[in-house]
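Step one of this worksheet: look at the structure below.
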Amino acid sequence: MEFLLEVSLVGLAIGGVYALIAVGYSLVYRTTRVVNFAHGNMMMFGAYFFFTFAALLELHWSISIILTLLCAAFFGAGIERLLIRPMLGRPAISIVMVTVGLASILHGGAQMIWSAEDFFMPQIFPDAPLVFDGMYIPSNTAYGFLVAVSAIIILVLVFRFTRSGIAMRATAGDQIAASTMGINVPSMFSLTWIYASLTSALAGIVVGSITTLNPSMGIIGLSVLAVVILGGLDSIFGAILAGLIVGWIEAVTGFYIGAAFKDVVPFIVLLGILILRPYGLFGTPEIERL
Amino acid sequence: MVALLKVDELSLTFGGIHALDKISLAVETGTITAIIGPNGAGKTSLFNIISGFYKPKHGRIFLDEKDITKSSPPKRASLGLARTFQNIALFRGMTVLDNIKLGNHIHLKSGLIASGLYWGQAQREETALREEIERDIIDFLEIDHIRNVPVAALPYGLQKRVELARALAMRPKLILLDEPVAGMNREETEDMARFILDLREERGITILLVEHDMDVVMDISDYVEVLNFGKKICSGTPNEVRKSEAVVEAYLGQKKPNLVGTI
């Protein structure tokens, strides 16, 4: 058991990145009741945006990040305005199918624009691994975790304390009431997609740095969707906690049982928890009155 | 007297059904007007048009002599229109105080960036808002003891009161109340009726309400408008309406011809 702590730390760090991706799913779900199957591929696009600015155009990494976030904001707003808003009022399944279609388009689009090759992200984090008390955590994972945690903290602060954040929470709570209070509900939808796109782009930069960059990296979005369901689709806090749990389980099973089980065990745990709590750890049970 | 709200020949259809058929009415400033009618008469549909959730097929709506027929619900809110809902539409996860503060959302000037830059100003604004809410709303509606309770935990009567509090925080000129005393016991009903009267007396807020409790309607309203099957069948003071043949017919059905002695 001497490595347990070290393995756990790495697992929790990866879990933090999962949490950042997961938060993007639940943001969109809470406000618009759409499960965004394209979220993983939006993340992949975010990573490519950064790659384009930092590696192809050779801009400084800080400028590249700012430009990437700008692009991601327009990207998210554009998707909401052009694809999601015209579908408002349609059955949920139709909107979900739009996001599935969008995922394929983004996947194919990335292959056309950047080719299907693997690329390495330009190194933005320091090379040396972080050492705590003799335990090593790979640099990209550790700093990626810090980025993810800071992004989540900023997001939570925005939600708690800013006027637009509170308006978004109100919109998530009751759209009709929010609209009567003078809140412009459609623009809150746009803002939600913008925030989700920003978190996904940051996550993309981190995931791309930890692994490599290729058009299929969006797949990770689907495993994270499982994380979100575990946390309860509409709970930001649940998404964060579930991200950490899944990251930890993956790392521990990967190390003690074998790498092949790393992708399976978290899903078994997920199934177990969902049998006990069908709405996830912190989801809102839907009560329908007949 | 000036009509604060004027509804002109409003029609609404759902498919082939005429939910509302050329409804016209005027609500004068500083009055309490009630809309009554049997179930399905179109009362809530009319409310939904006035607050902007349904688009009328024909007709126009004026608030303060301004045509608001095409304005969005948030726009109408900023012009001084507030409402409560038949089935209570509170933000269930939030506390009473947070719900009430959200009503004031439209009046907060400092935006996201400004509140970051001018921390002091945003804070002064917040403090002023808090004082106003304390004095004019929480004390007034006697909900001091529940301010930090999540609304989902409150009994129905109190939730209705919180909804009214939130509408008041919007500093409205006109409040639409959709069944303000439905499902309340005697005491809660009397409290609510008193609050509605006080709102008009002390603050000059104009009130348009839909209600089934005839005692309340007849006690507090200045004018009553009666709808049946989407048509306006009568309007006037409570006394005039009470005596109207058409109203009795709508509620109790047509008088059968007297059959006794014909056989």
Residue pairs qualifying under the 7 Å Cβ cut-off, at least six apart or on distinct chains, with the first in the stretch A:145-162 being within 19 Å of A:Ser197 (Cβ to Cβ) and the second being surrounded by fewer than 16 Cβ atoms within 10 Å (Cβ to Cβ), are A:Thr162/B:Leu112
Scanning the stretch B:29-41 residue by residue, those open to solvent by 10 Å² or more (accessible area, probe 1.4 Å) and not polar (S, T, N, Q) turn out to be B:Gly30, B:Pro38, B:Gly40
Scanning the stretch B:187-204 for residues that are in contact (Cβ under 8 Å) with a residue 60 or more places away in the chain, open to solvent by 10 Å² or more (accessible area, probe 1.4 Å) and among the aliphatic types (A, V, I, L, M) gives B:Leu197
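Please give the helices (runs of 4 or more DSSP H) falling wholly within the stretch A:33-138 in which 2 or more residues are under 30 Å from A:Arg169 (Cα atoms) and open to solvent by 30 Å² or more (accessible area, probe 1.4 Å). It would help to see each step written out before you state the result.
Numbers: elements: A:39-51, A:61-79, A:92-114.
Qualifying helices (runs of 4 or more DSSP H): A:61-79, A:92-114.
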Among residues of the stretch A:142-158 being under 30 Å from A:Val7 (Cβ atoms) and open to solvent by 70 Å² or more (accessible area, probe 1.4 Å), the residue nearest to the other protein chains (Cβ to nearest Cβ) is A:Ile154
Counting only residues in the stretch A:181-196 that are open to solvent by 10 Å² or more (accessible area, probe 1.4 Å) and not hydrophobic (A, V, I, L, M, F, W, C), the one farthest from the other protein chains (Cβ to nearest Cβ) is identified as A:Ser190
If we keep only residues of the stretch A:159-180 that are aliphatic (A, V, I, L, M) and buried (at least 17 other Cβ atoms within 10 Å of the Cβ), then the residue nearest to the other protein chains (Cβ to nearest Cβ) is A:Ala177
When (1) surrounded by 16 or more Cβ atoms within 10 Å (Cβ to Cβ); (2) closer than 17 Å to B:Asp98 by Cβ are applied to B:Val181, the one that fails is (2)
Exercise for the section: Answer yes or no as to whether B:Lys101 is farther than 26 Å from B:Val151 by Cβ and either away from every other protein chain (no Cβ under 14 Å) or crowded, with 17+ Cβ neighbours inside 10 Å (or both). Expected result: no
Determine if the stretch A:204-227 includes at least one residue that is assigned to a loop (DSSP other than H, G, I, E, B) and within 12 Å of chain B (Cβ to nearest Cβ).
-> no
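Take the conditions open to solvent by 40 Å² or more (accessible area, probe 1.4 Å), under 18 Å from the mean Cα position of the chain (by Cα) and either assigned by TED's automatic domain parsing to the domain that holds B:Asp178 or at pLDDT 90 or above (or both) and apply them to B:Ala26. Does it pass? Quick ask: steps written out before the conclusion?
Details: open to solvent by 40 Å² or more (accessible area, probe 1.4 Å): yes; under 18 Å from the mean Cα position of the chain (by Cα): yes; either assigned by TED's automatic domain parsing to the domain that holds B:Asp178 or at pLDDT 90 or above (or both): yes.
Against the criterion (open to solvent by 40 Å² or more (accessible area, probe 1.4 Å), under 18 Å from the mean Cα position of the chain (by Cα) and either assigned by TED's automatic domain parsing to the domain that holds B:Asp178 or at pLDDT 90 or above (or both)), B:Ala26 qualifies.
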A careful count of residues in the stretch B:67-95 that are closer than 30 Å to A:Phe282 by Cα and assigned to a strand (DSSP E or B) gives 1
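Please go through the stretch B:68-82 and give me each residue that is more than 14 Å from chain A (Cβ to nearest Cβ) and either in contact (Cβ under 8 Å) with a residue 12 or more places away in the chain or open to solvent by less than 70 Å² (accessible area, probe 1.4 Å) (or both), ordered by number. Give the steps one after another, and end with the answer.
Looking only at the stretch B:68-82, we keep the residues that are more than 14 Å from chain A (Cβ to nearest Cβ), and these are B:69-70.
Hit for the stretch B:68-82 is B:Thr69, nothing else.
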Would you say A:Ser26 is touching a residue at least 24 places away in the same chain (Cβ under 8 Å) and touching an Asp or Glu at 6+ places or on another chain (Cβ under 9 Å)? yes
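A quick yes/no check of all residues on (1) within 14 Å of the chain's Cα centre (by Cα); (2) of a type outside the set (A, V, I, L, M); (3) assigned by TED's automatic domain parsing to the domain that holds B:Ser51:
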| site | (1), (2), (3) |
| --- | --- |
| B:Glu179 | yes, yes, yes |
| B:Ala182 | yes, no, yes |
| B:Arg194 | no, yes, yes |
| B:Leu199 | yes, no, yes |
| B:Tyr223 | no, yes, yes |
| B:Phe229 | no, yes, yes |
| B:Cys234 | no, yes, yes |
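Criterion first (part of a helix (DSSP H, G or I), open to solvent by less than 20 Å² (accessible area, probe 1.4 Å) and closer than 15 Å to A:Thr192 by Cα) does A:Leu27 satisfy it? Spell out the reasoning first.
On the way: part of a helix (DSSP H, G or I): yes; open to solvent by less than 20 Å² (accessible area, probe 1.4 Å): yes; closer than 15 Å to A:Thr192 by Cα: yes.
Yes, satisfied.
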All-but-one check, A:Gly247 against (1) buried (at least 18 other Cβ atoms within 10 Å of the Cβ); (2) modelled with pLDDT under 90; (3) under 25 Å from A:Met42 (Cα atoms), failing number (2)
Out of (1) more than 14 Å from chain A (Cβ to nearest Cβ); (2) open to solvent by 10 Å² or more (accessible area, probe 1.4 Å); (3) modelled with pLDDT of 90 or more, the one B:Leu5 does not meet is (2)
Counting only helices (runs of 4 or more DSSP H) wholly inside the stretch B:156-263, the ones holding at least 3 residues that are of a type in the set (D, E, K, R) are B:156-168, B:186-203, B:238-243
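The values are calculated or read from the model by the stated rules, or taken from the named source; none is laboratory data. Remember, it's a predicted structure, so these values are computed and weren't measured experimentally. Here the Cβ is made from the backbone with ideal geometry for all residues, glycine too, and neighbour counts use every protein chain on show. Protein only, heavy atoms only, side chains kept; ligands, DNA and RNA dropped before computing areas. Shrake-Rupley method; radii C 1.70, N 1.55, O 1.52, S 1.80 Å.
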